[in-house]
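Data first, discussion second: the structure below is written as structure tokens.
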Amino acid sequence: MTAGDSIASRFPRPQVDAAPVPGRAGLASPAMRGRRAKIALFGLFGCGNLGNDGSLEAMIEFLRHRRPDAELVCICDNPDEVTRKFGIATQPISWSRYLTGVPRKLDRLFLKIPGKMVDLAQTLRHIRKGDLVIVPGTGILDDFGERPYGMPLDIFRWCLGARMVGARIALVSIGAGPIRHRLSRWLMTAAARMAHYRSYRDTQSKEFMESVGLDTGRDLIFPDVAFKLQAPANPPPGSAGAERLTVGVGVMSYYGWYGFERGGEAIFAAYIKKLAKFVVHLLDNGHDVRLLTGELTDKTAVDALVEEVGRARPDLPSSRMIAEPSLSLHDLMLQISTVDIVVATRFHNVVCALKLGRPTISLGYARKNDVLMEEMGLGALCQHVERFDVESLIDQFATIVLSREDCRRRIIDRVRQFENDLDRQDAHLLTLI
């Protein structure tokens, strides 16, 4: 199977009846109600993860363009930050998290049951006039080791509230799995079962949900919604041959899949040490390096890497290795537009590099990185963040240097197909609004 065949099979054209028809499931279309549609966007937004916020931004851009009269509200982790960043109304995912003083003590005394009742009442209060709840991308159906009464219960509560008031639910290009705790699996699967529309960003997410008991027969697969973001001006790299290149190295404050578990510090230290060895190799061979991030917490990794490289090459001019903060995926793409090749860990570092047609090597922490790279025809350029071999990475880099122009053209073709597939998904979403 070729890479092109893989994409065609991954994003098949859905059947006409795969998308819900306005008016079904007890919901009349907003036009029939004679008022503006009210759309809620749900997810862990505003918490410093640029990939999550990029997914939200892509959906806001789509809705403002195609449904400019709709009233948007974001149900999120950090309402103040989302309002500041995107200029839309917000509500917190959970009100009980903000309890202080005596109410907080009483909530703990009664096993947090009063707080959960407050959350349910507030959810029903704020969702009662809603027409549609959209979860735009993100790995929303992955518990990341969180206990069931955290985000798994929050997702279930908001989906249940939407169903109780007759609002529709759309899970759009989401990631799913793993979900470690049995109760978390039940809550998240039940939430997904309540959705009127479900699509996944890759085959493995759909297969995971099927493995935990969800009927996915009518579910679809579409690319990550971040591929819809408006790209900055993106001139092709000016370097030719194998001379001096600028290499984007995406770093992550990675302490293991469940970062709170024992051994996280050792995992982080080993990752930084090996990555520093690779960066020194790049610098010694005349290439420049730009460090890339995908979350505010990645500054810890940047500082550690700069320190490690500094010990190995104390006289390195500061212009040879640049590290600038990114506050959005747009900032990240602006930085990537100045590099020739990207070597990255975070999933949305890889997404943005591919979006801009940059030959990319993935040092991924999850299978989603590998799946995306395989769809781009770059499956041979993947290693796992905890097990990658520096010498193998150097060989992969040498290979991609020699073929990078052909690689860049193939990536651009694949990304164009991704964007076309997302346009088809947009047509399905418009039937819900």
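List the number of the failed condition for Gly286; all other conditions in (1) small (Gly, Ala, Ser); (2) crowded, with 22+ Cβ neighbours inside 10 Å; (3) in a loop (DSSP other than H, G, I, E, B) hold.
(2)
Any residue in the range 313-326 that is open to solvent by less than 10 Å² (accessible area, probe 1.4 Å) and hydrophobic (A, V, I, L, M, F, W, C)? Spell out the reasoning first.
Our first condition is that a residue be open to solvent by less than 10 Å² (accessible area, probe 1.4 Å); within the range 313-326, this holds for 326.
The next check asks that each one be hydrophobic (A, V, I, L, M, F, W, C); those that pass are none.
No: zero hits.
If you scan the range 121-154, which residues turn out to be closer than 29 Å to Gly264 by Cβ, touching a residue at least 40 places away in the same chain (Cβ under 8 Å) and of a type outside the set (S, T, N, Q)? Step through it out loud before you land on a result.
At the first step, the residues of the range 121-154 found to be closer than 29 Å to Gly264 by Cβ are 135, 137-154.
Still in the list and also touching a residue at least 40 places away in the same chain (Cβ under 8 Å): 135, 137-141, 143-145, 151, 154.
Hits for the range 121-154 are Val135, Gly137, Gly139, Ile140, Leu141, Asp143, Phe144, Gly145, Met151, Asp154.
Can you find even one residue in the range 229-241 that is out of contact with any Lys or Arg (no Cβ under 6 Å at 6 or more places or on another chain) and not in a loop (DSSP other than H, G, I, E, B)?
The answer is no, given that none of the residues of the range 229-241 is out of contact with any Lys or Arg (no Cβ under 6 Å at 6 or more places or on another chain) and not in a loop (DSSP other than H, G, I, E, B).
Between a residue in the range 313-325 that is more than 18 Å from Asn349 (Cα to Cα) and any residue that is acidic (Asp, Glu), which pairs come within a Cβ distance under 7 Å, given they are 6 or more apart or on different chains?
Listed pairs, sorted by first residue: Arg320/Asp288.
Residue pairs, Cβ under 6 Å, 6 or more apart or interchain, first in the range 374-392 and within 20 Å of Leu282 (Cα to Cα), second of a type in the set (Gly, Ala, Ser) and open to solvent by less than 70 Å² (accessible area, probe 1.4 Å). List them.
Final answer for the pair search is Cys382/Ser362.
Residue-wise test of (1) open to solvent by less than 30 Å² (accessible area, probe 1.4 Å); (2) out of contact with any helix residue (DSSP H, G or I) (no Cβ under 6 Å at 6 or more places or on another chain); (3) not aliphatic (A, V, I, L, M).
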{"site": "Pro359", "(1), (2), (3)": "yes, no, yes"}
{"site": "Ser362", "(1), (2), (3)": "yes, no, yes"}
{"site": "Ala366", "(1), (2), (3)": "yes, yes, no"}
{"site": "Glu374", "(1), (2), (3)": "no, yes, yes"}
{"site": "Phe397", "(1), (2), (3)": "yes, yes, yes"}
{"site": "Leu402", "(1), (2), (3)": "no, yes, no"}
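Select the helices (runs of 4 or more DSSP H) contained entirely in the range 1-110, then report the ones holding at least 1 residues which are modelled with pLDDT under 95 and in contact with a Pro (Cβ under 6 Å, 6 or more places away or on another chain). Break it down into steps so the answer makes sense when it comes.
Numbers: elements: 3-10, 30-33, 50-66, 79-86, 101-109.
Those helices (runs of 4 or more DSSP H) span 101-109.
Of the residues that sit in the range 112-143 and are at pLDDT below 85 and open to solvent by less than 10 Å² (accessible area, probe 1.4 Å), which one is farthest from the chain's Cα centre (by Cα)? First the steps, then the outcome.
Of the residues in the range 112-143, the ones at pLDDT below 85 are 112-116, 143.
Retained after the next criterion (residues that are open to solvent by less than 10 Å² (accessible area, probe 1.4 Å)): 115, 143.
On the way: Gly115: 29, Asp143: 14 Å.
Selected residue: Gly115.
Residue under question is Leu72, and the condition is that it be within 25 Å of Leu124 (Cβ to Cβ), crowded, with 20+ Cβ neighbours inside 10 Å and more than 17 Å from the chain's Cα centre (by Cα); does it hold?
Yes, satisfied.
The values are calculated or read from the model by the stated rules, or taken from the named source; none is laboratory data. If you're wondering where the values come from, they're calculated on a predicted model, not measured in any experiment. Cβ atoms come from the backbone with ideal geometry, glycine included; neighbour counts cover every protein chain shown. SASA here: full protein model, heavy atoms, side chains in, ligands and nucleic acids out. Shrake-Rupley method; radii C 1.70, N 1.55, O 1.52, S 1.80 Å.
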